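Each value in this text was obtained by applying a stated rule to the coordinates, not by laboratory testing. This one's a predicted model, so the numbers in the text were calculated from it and none came from an experiment. Here the Cβ positions follow ideal geometry from the backbone for every residue, glycine too, while neighbour counts run over all protein chains shown.
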Amino acid sequence: MAFNLTKKNNEVIKGTKIKTSIGEKIFSFVNYTFFILLGMATLFPFLNLVAKSFSSEAAVISGKVGLWPVDFQLGTYEFVLGNKQFINSFFVTVIVTILGTLTGIIITVITAYPLSKTRLRGRKGLLIIFVFTMLFNGGLIPTYLVMQKLNLVNNIWVLILPAMINVFNLLIMKNYFESLPESIEESAKIDGASNLTILFRIILPLSKPVIATITLFFAVAHWNSYFQAMVYITDPQLKPMQLYLKELVSSTADVLKQAGYNPDVEGALNTVPEAIQAASIVAATIPIILVYPFLQKYFVKGVLIGSVKG
């Protein structure tokens with residue numbers, strides 16, 4: 001009898017529609033409208049770049065290109081993808097991103113794990129030191145002198161080693177490790193597992209969401225970084241993609257001249273400097289966009305769980 005009453009009550013609850021007030025409807029409408037407009041405002045500039053990269057010379061020069069290509073052509077991409085400096089910068093960025101992300105994840109994991117244990121002596125002091133470096137640094141000139149003494153100027157490792165540890169990422173991972181039950185480690189220790197065995201065989205398999213999140217943070221940061229290269233790299237063969245794009249946008253004529261661009265000769269390709277800028281930016285953006293969907297399912301979960309504890 002009680003079971004039937006409960007079943008009927010559940011059916012009534014499921015069949016009941018929750019009424020929303022007029023104020024809530026207006027609030028929801030304003031929210032949706034605002035975020036749709038915000039999303040369109042951030043998406044339109046990129047769509048305009050894509051359209052310019054596929055549009056004809058006359059359409060780009062006359063300013064007729066909006067969100068769709070005008071007089072579709074592929075000559076711009078033929079020039080960009082055939083440019084040796086673009087290809088070289090692309091591969092430099094790929095190498096820096098892969099090595100930087102791998103080393104960053106390894107250093108972050110082996111640093112965050114002991115810091116997540118309250119039994120670690122001097123834990124609070126170490127955390128204060130890490131947070132201090134998050135707020136203050138030695139300055140650009142002393143840092144440059146250190147890199148120079150270490151023979152890292154005009155060395156690809158100058159783009160990797162200084163960025164191996166990021167305190168923000170470290171704190172997210174530390175908080176995630178703290179959220180895992182202590183009973184798991186205690187059981188493993190009873191079975192004779194060492195700290196390294198517990199970390200690599202138990203903790204890390206349970207930490208896929210936060211590792212995916214931190215991986216994305218490191219990868220995007222390395223892929224988009226240009227300031228470090230601008231300070232420490234002068235060798236054209238070591239310039240990453242973002243520095244190449246920065247120079248392309250700020251001094252288009254000089255960069256295109258170095259790349260062998262000649263309007264009289266390249267006119268047959270139907271390209272103009274503005275379209276070449278757009279095609280280069282689009283080509284450099286696509287790889288990181290393609291990576292994101294594979295990590296998206298872990299992204300929000302990793303950030304939320306990693307921010308539960310302080």
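Between Thr234 and Ser21, what length comes free when the chain is fully extended (0.36 nm per residue of separation minus the Cα-Cα distance, one decimal in nm)?
Difference between extended and current length: 70.4 nm.
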Response to the item:
By Cβ neighbour count within 10 Å, fewest first, Trp157, Trp68 rank Trp68, Trp157
Discussion item. Let me check against my output: what whole-number percent is the relative contact order of the stretch 79-306, with C-alpha pairs under 8 Å and at least 6 apart?
Written reply: 35 percent
Practice prompt. Figure the gain on full extension for Asn155 and Phe44 (residue separation times 0.36 nm, minus the Cα-Cα span) and round it to one decimal in nm.
Written response: 36.2 nm
Discussion item. Could you tell me the center-to-center distance, by alpha carbons, between the stretch 135-165 and the stretch 18-73 in angstrom?
Written reply: 40 Å
Worksheet entry | Charge sum, other residues only, whose C-beta stays under 15 Å from Thr197's C-beta, Lys/Arg counted +1 and Asp/Glu -1 | -1
Response to the item:
Of all trypsin sites (Lys or Arg not before Pro) in the stretch 111-180, the ones in DSSP coil with at most 12 other Cβ atoms within 10 Å are Arg119, Arg121
Practice prompt. Count the net charge of all other residues whose Cβ sits under 15 Å from the Cβ of Gly66, scoring Lys and Arg as +1 and Asp and Glu as -1.
Written response: 0
Practice prompt. Write out the trypsin sites (Lys or Arg not before Pro) in the stretch 30-104 meeting two conditions: DSSP loop, and at most 16 other Cβ atoms within 10 Å of their Cβ.
Written response: Lys64
Worksheet item: In whole Å, how far is the Cα centre of the stretch 79-132 from that of the stretch 178-239?
Response: 8 Å
Worksheet item: Which of Leu49, Gly75, Thr103 sits closest to the plus end of the dipole of the stretch 15-168, meaning its Cα is farthest towards the positive end, when Lys and Arg get +1 and Asp and Glu get -1 on the C-beta?
Response: Thr103
Item to complete: Please report Leu99, Leu206 as a ranked list, fewest other C-beta atoms within 10 angstrom at the top and most at the bottom.
Response: Leu206, Leu99
Practice prompt. Give the peptides 139-146, 284-291 in descending order of average Cβ contacts within 10 Å, highest first.
Written response: 284-291, 139-146
